[in-house]
Amino acid sequence: MRADTLRLYKSVHTWTGIVAGMALFIAFYAGALTVFKEPIARWVSPPSPGVAAVSLADAPALIAGTLKARPSAAKDFTLYLQPAEHVPARLGWSEKPPGGDGDDHDESHAHHYTATLDQQQVRIDEDSPSALPAFIDTLHRVVGLPKDTDPNRRVMGVIAALYAVALVSGVILLLPTLVKDFFALRLGRNLKRMWLDAHNVVGIVSLPFHVVMALTAVVFAFHDDIYELQDKLIHQGQLQSFWRAGAGPAKPGAKPAPRDPATMLPPSQLLAQVQAMAPDFVPRVMQYAQVGSPRATVRVWGMDPNDIARSPRGGFVALDPYTGKVQNTDLLPGHQSALSATLTSFFTLHFATYGGKPVQWLYFLMGLGGAFLFYSGNLLWIESRRKAERRGKPAPVQSRSTTLMAAASVGVCLGCVSGISLSIVAGKWLHGHVADLGAWHQGVYYAVFLGSVAWAFVRGAARASVHLLWLAAACTVAIPVSSLLAWLWPQLGLWAHGSPAALGVDAVALAGALCWAWVARATARRVQAGRGDSVWSARRADQTDAAPGGGLSGRTA
């Protein structure tokens with residue numbers, strides 16, 4: 001390949017990566033954690049009060065009593081079939097206050113309710129599920145912005161498109177030396193070469209994963225716009241009728257009569273019908289919608305261990321809750337058409353809803369590897385400026401753009417790590433002491449995040465990197481320390497679950513804290529002993545005569 005062509009692709013790869021890199025670090029670091037949203041929710045949530053589980057035989061009485069007491073629940077409620085840890089099977093729903101400032105995807109202001117039977121009487125309680133997993137997921141989906149709205153998703157879509165361009169240009173750039181350098185990891189005094197080798201190996205090994213992430217992220221960001229375009233060009237404005245689970249259009253001139261929820265078929269009968277249709281399908285929840293209207297439907301969500309699923313909730317079959325008529329099987333595992341299965345595979349590959357725990361751990365590690373990929377890309381660009389900025393002098397004069405980019409990279413990336421860790425800790429320490437814990441999760445995260453960015457600009461990238469690495473280690477180790485204090489001093493009002501899921505959160509956090517502490521110590525040594533012409537050194541440029549190597553060991557991973 002011609003040298004000028006390679007230079008062009010290198011320029012494209014560099015600048016698309018620089019523009020998108022820090023946002024993608026947040027998306028991938030938070031995305032790695034969302035793989036284990038349920039364990040994080042278990043860790044941060046207090047033990048549920050003792051409530052007797054509702055049997056499937058009692059479910060009709062529970063549904064009828066709930067709808068009589070709270071007719072508004074008929075719009076959309078869920079019957080949980082499998083009790084989660086410390087949570088009995090029960091009925092739940094959410095209601096959004098009128099005039100909310102979010103869109104259909106924003107659940108931050110919704111009120112959550114549960115219903116159960118207490119001595120055959122319906123008992124309704126307002127629930128307070130942890131907002132932490134949803135907040136971390138929002139950071140992942142809209143690259144660190146505070147709300148999951150259409151404009152923010154479009155920002156994410158543009159970032160994902162740049163990400164795709166960076167992937168393609170990076171592969172083309174590496175092709176001429178792919179065989180020779182694929183598994184090369186040259187350790188030694190040339191630290192820039194070592195970081196470049198690590199960047200290339202991680203990028204090539206995880207390329208299929210990153211291609212899927214980039215393409216699906218673009219689709220997720222612009223899916224509403226894609227559907228609107230389809231509606232106009234293909235469906236002649238009738239797309240909404242296609243998504244209405246098969247109820248069919250209303251007859252002209254006739255106003256459909258409302259339906260009585262008391263006459264719905266028992267959930268056990270509907271589940272038996274689903275079981276006969278798909279023997280390997282394991283139902284988890286039944287989502288009822290518009291049960292008082294002619295378009296009533298119930299979606300039976302679940303998983304098939306032998307097939308893929310569209311979301312972490314699984315796939316579903318839609319039924320008429322009054323007649324049991326099958327309305328839609330497009331997303332039922334094992335019953336999808338070729339087109340539906342192809343579309344589902346994209347969701348599956350993005351959400352890791354296949355392969356069980358081994359695949360989830362693989363995605364967790366690849367998510368962290370992706371964060372390293374974007375961070376190391378910024379580091380390599382910053383360090384490469386030393387040669388470009390020599391301008392004929394023995395030592396380069398670092399430009400303002402280079403020093404600002406270095407400070408921003410340190411502040412944004414390490415601020416994200418510290419902010420998420422401290423937000424997790426705050427969920428346990430602030431529970432019961434503040435009115436809106438979800439707002440506090442956001443407040444704690446953005447206070448730490450913005451404070452870290454400000455500190456990086458005030459102190460400079462080299463010195464701030466040491467401080468912020470120790471902060472990341474301290475905030476992350478506070479997770480298992482909180483659990484330890486809960487075991488030792490119950491009078492603190494904390495709690496510690498002995499479940500494998502919660503203990504796994506503590507173990508991973510402890511391992512992460514040790515990694516951050518190790519990197520902080522290595523970075524501190526480099527900041528003090530490194531070449532003064534590097535932006536990652538606290539020494540002056542006239543103190544470089546005895547310093548070995550380059551400047552990249554002041555970088556963090």
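Values in this text are rule-based calculations from the coordinates and carry no lab data. Given the structure is predicted, the values throughout are model-derived calculations rather than measurements. Heads up, the Cβs are rebuilt from the backbone with ideal geometry, glycines too, and the neighbour counts pull from every protein chain shown.
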For this session: Rank-order 66-78, 364-376 by packing density, defined as the average count of other C-beta atoms within 10 Å over each peptide's residues, highest first.
Result: 364-376, 66-78
Problem set entry | Sorted peptide list for 455-465, 353-363, criterion being average Cβ within 10 angstrom, highest first | 455-465, 353-363
Problem set entry | C-alpha center-to-center spacing [the range 464-486, the range 320-349] in angstrom | 44
Exercise. Can you give me the pair-distance distribution of the range 400-492, C-alpha pairs, 10 Å bins, whole percents?
Worked result: 18, 40, 27, 12, 3, 0
Problem set entry | Stokes-Einstein D for the range 330-476, Kirkwood Rh over Cα pairs, 25 °C, 0.890 mPa s (µm²/s) | 131
Problem set entry | Residues Asp125 and Asp280, FRET efficiency given R0 of 56 Å [Cβ-Cβ distance, rounded to 0.05] | 0.95
Problem set entry | Kirkwood Rh, angstrom, the range 278-367 [1 / mean 1/r, Cα pairs] | 13.8
For this session: Mind ranking 283-296, 112-125 by how tightly packed they are, going by the mean number of other C-beta atoms within 10 angstrom, highest first?
Result: 283-296, 112-125
Exercise. Working out 0.36 nm times the residue gap between Glu95 and Val481, then minus their Cα-Cα distance, what length gain in nm do you get to one decimal?
Worked result: 135.3 nm
Exercise. In this model, which of Lys325/Lys357; Lys75/Lys232; Lys96/Lys357 are farther than 32 Å apart at the alpha-carbon?
Worked result: Lys325/Lys357; Lys96/Lys357
Exercise. Between Gln528 and Ser345, what is the FRET efficiency for a Förster distance of 45 Å, r being their Cβ-Cβ separation, to the nearest 0.05?
Worked result: 0.30
For this session: For Glu38 paired with Leu492, estimate the spin-label separation in nm (one decimal), with each label point 7 Å from Cα along the Cα-to-Cβ line.
Result: 2.8
